[in-house]
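K.L.:
This is the structure I have questions about; it appears just below.
The values are calculated or read from the model by the stated rules, or taken from the named source; none is laboratory data. None of these values were measured; they are calculated from a predicted model. Backbone-built Cβ (ideal geometry, glycine too); neighbour counts: all protein chains shown. For accessibility, only protein heavy atoms count, side chains too; no ligands or nucleic acids. Shrake-Rupley method; radii C 1.70, N 1.55, O 1.52, S 1.80 Å.
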2 protein chains.
Amino acid sequence: MMANVNSYTWSMPTPDRTSLADIVAAGRDLLESDGPARLTMQAVADRVGVRAPSLYKRVRNREELMDLIAEASVRDLGARLRAVAEAEPDARGRLRALAVALREFAHAHPAAFHLVFTPPPGTSGSRPESLAVASAPLIEVAGELAGPERALDAARTVTAWANGFLGMELGGSFRLGGDLDAAFDYGIDALARALTASGD
Amino acid sequence: MMANVNSYTWSMPTPDRTSLADIVAAGRDLLESDGPARLTMQAVADRVGVRAPSLYKRVRNREELMDLIAEASVRDLGARLRAVAEAEPDARGRLRALAVALREFAHAHPAAFHLVFTPPPGTSGSRPESLAVASAPLIEVAGELAGPERALDAARTVTAWANGFLGMELGGSFRLGGDLDAAFDYGIDALARALTASGD
DNA sequence: ACCTGAACACCGTTCAAGT
DNA sequence: ACCTGAACACCGTTCAAGT
């Protein structure tokens with residue numbers, strides 16, 4: 001028996017009105033422009049032209065959406081850091097270039113930076129592998145400066161400093177005035193000195 | 001003419017059923033035990049034995065309550081750091097003792113630590129003066145190690161590192177294994193080396 | 001399969017009415 | 001003056017009903 005495909009009982013499948021990519025992109029825009037508190041399922045739905053419940057066809061819940069935003073952001077950051085690292089063969093110069101690039105990313109996408117490096121309780125943040133890939137150039141240069149023995153400790157010292165500095169800068173926690181560009185510079189040099197000196 | 005104080009039109013003022021101190025204490029407990037998302041006006045009210053609307057007699061809104069919790073926490077931290085600093089005259093040993101005390105505080109009160117050093121957008125966090133008082137011992141030792149010229153930059157490098165390390169440790173961002181105690185130790189030594197070396 | 005309105009539980013907050 | 005119930009606006013999320 002043939003399938004019933006008479007023209008009046010059959011109808012074209014309506015094209016989807018949105019997509020996961022659209023939703024994540026809208027979320028990233030909203031996060032940066034309005035802050036996390038106003039990154040609302042309703043607001044995202046408005047922006048992609050659909051009602052809020054429809055988002056749950058593409059995303060399990062708001063937390064997963066936040067994680068997807070963190071994931072997309074960390075990939076962008078990783079690509080940028082990789083490009084910067086390739087352009088600078090000298091280890092000390094590369095440490096500086098990577099730190100500066102990280103700071104530029106933090107200034108350009110402060111909310112995304114915060115989401116990636118300080119995921120709010122309840123969310124998981126970006127996938128661990130993605131964060132590892134993005135951090136690889138920094139870990140590598142730390143190893144070059146401090147030696148393979150101390151690579152991990154050295155990398156953690158650098159990332160902790162950078163993360164802390166940028167988090168405090170974005171959060172307005174440096175309240176004693178002074179030149180933050182110079183303070184960042186001082187920090188880079190101090191760490192380069194410290195990692196280079198053996199310490200044994 | 002005498003005031004009307006006939007016994008049947010006059011009544012004892014009921015004693016207050018709670019206080020600002022009670023509310024802040026309940027908030028601190030809840031924050032640490034249940035996390036910021038469940039630090040709810042309703043939950044605080046339940047704990048102090050009143051209805052949620054009554055809290056607004058003592059506190060402007062939830063954000064102010066969060067700020068009061070941050071303020072109380074930073075004062076505790078400041079007192080602890082001051083005591084540690086007084087007990088250790090050697091600058092390098094004092095840097096280590098302060099860093100360790102800060103880490104102990106972060107481990108003992110992780111949610112409060114996070115609230116103080118990464119106040120969520122919308123809140124103001126603790127009063128700037130209170131944070132300055134709490135940070136004073138660290139700024140002072142940084143100045144002793146790096147010299148008065150570089151005191152502020154050096155202090156920012158140390159606090160950025162400590163803040164970043166502990167934020168990442170509490171947030172579970174160190175995912176490559178290894179000994180975190182040793183990594184923290186390495187960081188302290190690296191910073192002490194870096195601040196001591198002139199860099200000019 | 002995707003989309004929607006309606007509904008639910010749960011927030012923070014306000015306010016008139018009680019004592 | 002403090003406390004309360006009731007109400008409001010606004011969340012995230014579920015689900016039956018539509019196409």
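K.L.:
From the list B:ALA52, B:ALA97, pick out the single residue that is more than 11 Å from DNA strand C (Cβ to nearest atom) and in contact with an Asp or Glu (Cβ under 9 Å, 6 or more places away or on another chain). I'd like the intermediate steps shown before the answer.
P.N.:
Details: B:ALA52 fails: more than 11 Å from DNA strand C (Cβ to nearest atom).
None of the other options fit; the residue is B:ALA97.
K.L.:
Another question about this same structure. All but one of (1) within 16 Å of DNA strand D (Cβ to nearest atom); (2) part of a helix (DSSP H, G or I) hold for B:ARG60; state the number of the condition that does not hold.
P.N.:
Looking at each condition in turn, B:ARG60 falls short on (2).
Residue by residue, here is whether (1) more than 14 Å from chain A (Cβ to nearest Cβ); (2) within 21 Å of B:LEU195 (Cα to Cα); (3) touching a helix residue (DSSP H, G or I) at 6+ places or on another chain (Cβ under 7 Å); (4) away from DNA strand D (no atom under 16 Å from the Cβ) holds:
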| residue | (1), (2), (3), (4) |
| --- | --- |
| B:GLU71 | yes, no, yes, yes |
| B:ASP76 | yes, no, no, yes |
| B:VAL100 | yes, yes, no, yes |
| B:THR118 | no, no, yes, yes |
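K.L.:
What are the residue pairs meeting all of these: first residue in the stretch B:158-169, first residue under 15 Å from B:PRO110 (Cβ atoms) and assigned by TED's automatic domain parsing to the domain that holds B:LEU95, second residue open to solvent by 20 Å² or more (accessible area, probe 1.4 Å) and not in a helix (DSSP H, G or I), Cβ atoms under 6 Å, and 6 or more apart or on different chains?
P.N.:
B:MET168/B:PHE174
K.L.:
Look at B:LEU81 and say whether it is within 14 Å of another protein chain (Cβ to nearest Cβ), more than 16 Å from DNA strand D (Cβ to nearest atom) and not charged (D, E, K, R). Break it down into steps so the answer makes sense when it comes.
P.N.:
Details: within 14 Å of another protein chain (Cβ to nearest Cβ): no; more than 16 Å from DNA strand D (Cβ to nearest atom): yes; not charged (D, E, K, R): yes.
For B:LEU81, the condition - within 14 Å of another protein chain (Cβ to nearest Cβ), more than 16 Å from DNA strand D (Cβ to nearest atom) and not charged (D, E, K, R) - is not met.
K.L.:
Then there's this: For the stretch B:11-18, indicate whether the set of residues that are within 10 Å of DNA strand D (Cβ to nearest atom), of a type in the set (Val, Ile, Thr) and either modelled with pLDDT of 95 or more or under 18 Å from B:ALA108 (Cβ atoms) (or both) is non-empty.
P.N.:
yes
K.L.:
Just a yes or no: is a residue in the stretch A:84-98 closer than 30 Å to B:THR123 by Cβ and hydrophobic (A, V, I, L, M, F, W, C)? First the steps, then the outcome.
P.N.:
Just the residues of the stretch A:84-98 that are closer than 30 Å to B:THR123 by Cβ, to begin with: none.
So far as the stretch A:84-98 goes, no, none of its residues is closer than 30 Å to B:THR123 by Cβ and hydrophobic (A, V, I, L, M, F, W, C).
K.L.:
Considering the stretch B:142-171 alone, what residues qualify as being at the interface with chain A (Cβ under 9 Å from one of its Cβ atoms) and among the acidic types (Asp, Glu)?
P.N.:
B:ASP153, B:GLU169
K.L.:
Filter the stretch B:27-42 for residues that are part of a helix (DSSP H, G or I) and within 7 Å of DNA strand C (Cβ to nearest atom); which is surrounded by the most Cβ atoms within 10 Å (Cβ to Cβ)? It would help to see each step written out before you state the result.
P.N.:
Residues of the stretch B:27-42 part of a helix (DSSP H, G or I): B:27-34, B:36-38, B:41-42.
Checking the rest, the ones that are also within 7 Å of DNA strand C (Cβ to nearest atom) come to B:38, B:41-42.
Working: B:ARG38: 12, B:MET41: 19, B:GLN42: 11.
This residue is B:MET41.
K.L.:
Which residues, taken from the stretch A:49-92, are more than 20 Å from A:ILE23 (Cα to Cα), surrounded by fewer than 17 Cβ atoms within 10 Å (Cβ to Cβ) and among the basic types (Lys, Arg)?
P.N.:
The answer is A:ARG82, and nothing else.
K.L.:
Next up: Residues being open to solvent by 50 Å² or more (accessible area, probe 1.4 Å) and facing chain A (nearest Cβ under 8 Å): count how many of those fall in the stretch B:172-198.
P.N.:
Of the residues in the stretch B:172-198, 4 are open to solvent by 50 Å² or more (accessible area, probe 1.4 Å) and facing chain A (nearest Cβ under 8 Å).
K.L.:
Can you pull out the residues in the stretch B:152-200 that are at pLDDT below 95 and acidic (Asp, Glu)?
P.N.:
Passing the criteria: only B:ASP200.
K.L.:
Next question. Quick one: would you say A:PHE117 is open to solvent by less than 60 Å² (accessible area, probe 1.4 Å), free of Cβ contacts under 8 Å to residues at least 40 places away in the same chain and more than 26 Å from A:THR18 (Cβ to Cβ)?
P.N.:
Details: open to solvent by less than 60 Å² (accessible area, probe 1.4 Å): yes; free of Cβ contacts under 8 Å to residues at least 40 places away in the same chain: no; more than 26 Å from A:THR18 (Cβ to Cβ): yes.
Taking the combined requirement at face value, the residue does not satisfy it.
K.L.:
Kindly evaluate A:PRO128 against the criterion of being open to solvent by 70 Å² or more (accessible area, probe 1.4 Å) and within 9 Å of chain B (Cβ to nearest Cβ).
P.N.:
Numbers: open to solvent by 70 Å² or more (accessible area, probe 1.4 Å): no; within 9 Å of chain B (Cβ to nearest Cβ): yes.
For A:PRO128, the condition - open to solvent by 70 Å² or more (accessible area, probe 1.4 Å) and within 9 Å of chain B (Cβ to nearest Cβ) - is not met.
K.L.:
If I ask for residues that are at pLDDT below 95, open to solvent by 60 Å² or more (accessible area, probe 1.4 Å) and of a type in the set (A, V, I, L, M, F, W, C), which ones from the stretch B:131-151 would you list?
P.N.:
Listed by number, the list is empty, since nothing qualifies.
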